[in-house]
Structure formats: C-alpha cells, structure tokens
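Take a look at the structure below.
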Amino acid sequence: MYRVLMPIDGSESRGEAQAEAVIALPDAAESVRVTLLYVFDDQDEKETTVPEEIDGGRVAATRLRDAGIAVEQAARVGDPAIEILAAADEIDADQIVLGGRKRSPVGAILFGSVSQSVITDADRPVTVTGDVTR
C-alpha cells in the first residue's frame, strides 16, 4: 500500500488539483491510500470538524473516492508545517501532496510558506500542486 498524506485547506480548486495529482499515480485505485489532513488553529474546532467538512477536503475526498481511492481523515492542532511533518511520520507516508499558493518572492519572505518549510524539512517526496486551471 502506498500512503499519501494530503494536507488540505479551504480552497476547492487546490483540493481538486491535489486529488488529480494522486489519481495520476500508477495503480492509484488499487494501491494508494490517502489521509486527508487539516491543521486547526484551536482544539475546540478540531473536536467538532473533520477534514471533509472543509471545502478543499470535501472536493478532494469526493474526487478520490469517485476514482476508487481509499480516503482516511486526520486532524491536528498547531503550526501547519510542523504538524504536517509529524503526521507524515505518524502514518509513515510515502509521499506528501500539498496544495501550494502562489506568492510573490517578497510575500513568501514576509509571510513564510508552509509548502517551503515542508519541502525543506521532509524526509520523503513532496509534490506541490497549484489550483486547477480551467
């Protein structure tokens, strides 16, 4: 079984792009299991919301299941980059598929980037998708 960690956010377009990247993996329907992850700001929200209730998670889960891919859900609280890497270790993910946001170089420096932190600190492959373009 090939395990993919898919941290999602509120963007339907990014969730769809992430799902499409996973669906394109070889033998995805037969051999891939995806864990949708959402990192919450506070514990109360984590206790009352599952990743599929977030717009990006809903779109991704629907698209993955329609393609015959098994989907699990996980939620954490804290710094997104740290929690994504911890979750990847916890489930022994073979790959992380992130939905990256487009930022200017100055914007990335000023505000940081979850994707950048995950890419530089991960000890496994990381794929960064953008938004679905139509």
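The slack between ASP41 and ARG124, meaning 0.36 nm per residue of separation minus the straight C-alpha distance, is 27.3 nm. One decimal place: the segment TYR2-ALA70 gains 23.4 nm when fully extended, by the rule 0.36 nm per residue minus the C-alpha distance.
Contact order for the chain, expressed relative to its length and based on alpha carbon pairs under 8 Å spaced 6+ residues apart, stands at 34 percent. Largest first and in whole Å, the equivalent-ellipsoid semi-axes of the stretch 2-129 read 21, 17, 15, each the square root of five times a Cα gyration tensor eigenvalue.
No value in this document is a laboratory result; all are computed from the given coordinates. Just so it is clear, the model here is predicted, and its values are computed rather than measured.
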